[in-house]
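Chemist: So that we are looking at the same thing, I have put the structure below in structure tokens.
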Amino acid sequence: MTAHRASRGGIHDSHGKRPSPVPAKGLPHVSAQPPHLTYPVQRTTVTDPPEEYTRLQKEAPVCPITLATGFPALFVTAYDDVKTVLSDPRFSRDALFEPGAPRAQLAEPDQDSIISIDPPRHSRLRGLINREFGRRRVEGMRPEIERHVAELLDEMETKGPPGDLNDMLGRPLALRVICNLLGVPYSDHTKFGRWCDHFMSYAKYPLAEVGRANSEMRTYLADLIETKRQTPGEDLLSALVQARDSEGALTENELVSLGVILLLAGHDTTVTALGGGVITLLRNPEALAELRSDPALIPRAIDEILRLNEPGDGSFLRIATEDVELRGGRVAAGSAVVASISTADRDPSVFPDPERFDIHRESNPHIAFGFGTHFCVGSSLARVELESALGALLPRFPDLGLAVPFEDLRWRSYAHLGGIEELPVRW
């Protein structure tokens, strides 16, 4: 097998050549015209999508692009069109399993992962998860999450400034919460942190190293599932092992894949949203002061934080199974499509003065957690984590501020869900 490496210019083989895209069987290339840009475009700041995406929303809301893997695709940026791509069954995730289908990254897609499949199989998995991972379980976790936040802020205060807020609060909080949710022993939390970093930071490590981390994580989860089967606990993984419906229990591969996606998504998205939220508040001191004086506004502020601080600039790749007419243009059958959620959530036709951070925004129908079939299963948990973290951090450290100029902050361009590399703060 040819070794591959990642670079800022895309994916290349070990000889420095870009691998030739192979059209999927029965899936034609998206367009004969040359693509306008290579996706993803590098961000110039940690809080804003690339300017090119905003320009495309105005001038070419359905635009040909080239993925980093060399495959052609269409990039969709208008709010209504993005919602259609995310929810219309004519845009398929299953089609990505076709031989030679376009890829957004080199790794093989997981055919048992809930994020990679369409209904009716997706509906069955989602139904079992929703039954065991509902609002009642999430609200029951709130006291534990608040305790984790208090402990981490105590450690932060003891250590003293300056420090990286990602390392002091965001990452350890997300890791504790998701590992506790799955019933992972505390002694193994460090392993999961390392696996998450390797799996999500696809261009930071050699492909073989990422594959090894993925294999180790799946083996660990398979062993943990067997333990839960023999000695069930009160955690979500134990509940999913015991879950049944008319078609029986989840398979081991389905359980392992659920564990992987819950861990990865629950870790990176929370860290990115919390870090982005803190930066946004520090750059909007009037809103920050208002939240400190009236904490009841925090849940509403979190919606605005989520709107302006998406974990990534796109969505998972989909294939159009038939011709679709979007408002911004026609999508031919067989086209690979990336929907830009971050650009959609700044669409001025939906969000007046979209670049302004407004905690009193009257209507905020953001799609930060997705839309339709693949709406984020952990959205309620993410909200509780953000409410708990910001609700304790803001009053605890009234002099909180950036320890470096805003322009020095760097976006994790090598990571699946982006995020801020480091968030140095003083207090």
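The values are calculated or read from the model by the stated rules, or taken from the named source; none is laboratory data. Computed from a predicted model, the values in this text were never measured in an experiment. Cβ atoms come from the backbone with ideal geometry, glycine included; neighbour counts cover every protein chain shown.
Chemist: Where in the stretch 280-360 are there strands (runs of 3 or more DSSP E), lying wholly inside it, with at least 2 residues that are touching a Ser or Thr at 6+ places or on another chain (Cβ under 9 Å)?
Modeler: 318-320, 324-326, 336-339
Chemist: Of all residues being farther than 13 Å from Ser335 by Cα and either crowded, with 18+ Cβ neighbours inside 10 Å or acidic (Asp, Glu) (or both) in the stretch 84-97, which is modelled with the lowest pLDDT? Just the residue, please.
Modeler: Asp94
Chemist: Out of all the residues in the stretch 241-272, which are more than 24 Å from the chain's Cα centre (by Cα) and not small (Gly, Ala, Ser)?
Modeler: Val241, Gln242, Arg244, Asp245, Glu247, Leu250, Thr251, Glu252
Chemist: I'm trying to understand the selection: among the residues of the stretch 325-369, which are basic (Lys, Arg) and surrounded by 22 or more Cβ atoms within 10 Å (Cβ to Cβ)?
Modeler: Arg346
Chemist: Which of the residues spanning the stretch 91-123 are in a loop (DSSP other than H, G, I, E, B) and either basic (Lys, Arg) or out of contact with any helix residue (DSSP H, G or I) (no Cβ under 7 Å at 6 or more places or on another chain) (or both)?
Modeler: Arg93, Glu98, Pro99, Gly100, Pro102, Arg103, Ala104, Gln105, Ala107, Glu108, Pro120
Here is a yes/no grid of residues against (1) of a type outside the set (A, V, I, L, M); (2) within 22 Å of the chain's Cα centre (by Cα):
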position	(1), (2)
Ala95	no, yes
Phe133	yes, yes
Leu153	no, no
Met156	no, no
His189	yes, yes
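Chemist: For the stretch 349-359, which positions are touching a helix residue (DSSP H, G or I) at 6+ places or on another chain (Cβ under 9 Å) and not charged (D, E, K, R)?
Modeler: Ser349, Val350, Phe351, Pro354, Phe357, Ile359, listed by residue number.
Chemist: Go through (1) in a helix (DSSP H, G or I); (2) surrounded by 14 or more Cβ atoms within 10 Å (Cβ to Cβ); (3) without any contact (Cβ under 8 Å) to a residue 40 or more places away in the chain one by one and return the number of the condition Ser215 breaks.
Modeler: Every condition holds for Ser215 apart from (2).
Chemist: Kindly list the number of the only condition in (1) farther than 19 Å from Leu240 by Cβ; (2) of a type outside the set (Asp, Glu); (3) free of Cβ contacts under 8 Å to residues at least 24 places away in the same chain that fails for Arg171.
Modeler: (3)
Chemist: Moving on to the next point. Which count do you get for residues in the stretch 243-262 that are over 15 Å from Lys228 (Cβ atoms) and either buried (at least 22 other Cβ atoms within 10 Å of the Cβ) or in contact with a helix residue (DSSP H, G or I) (Cβ under 8 Å, 6 or more places away or on another chain) (or both)?
Modeler: Within the stretch 243-262, residues that are over 15 Å from Lys228 (Cβ atoms) and either buried (at least 22 other Cβ atoms within 10 Å of the Cβ) or in contact with a helix residue (DSSP H, G or I) (Cβ under 8 Å, 6 or more places away or on another chain) (or both) number 5.
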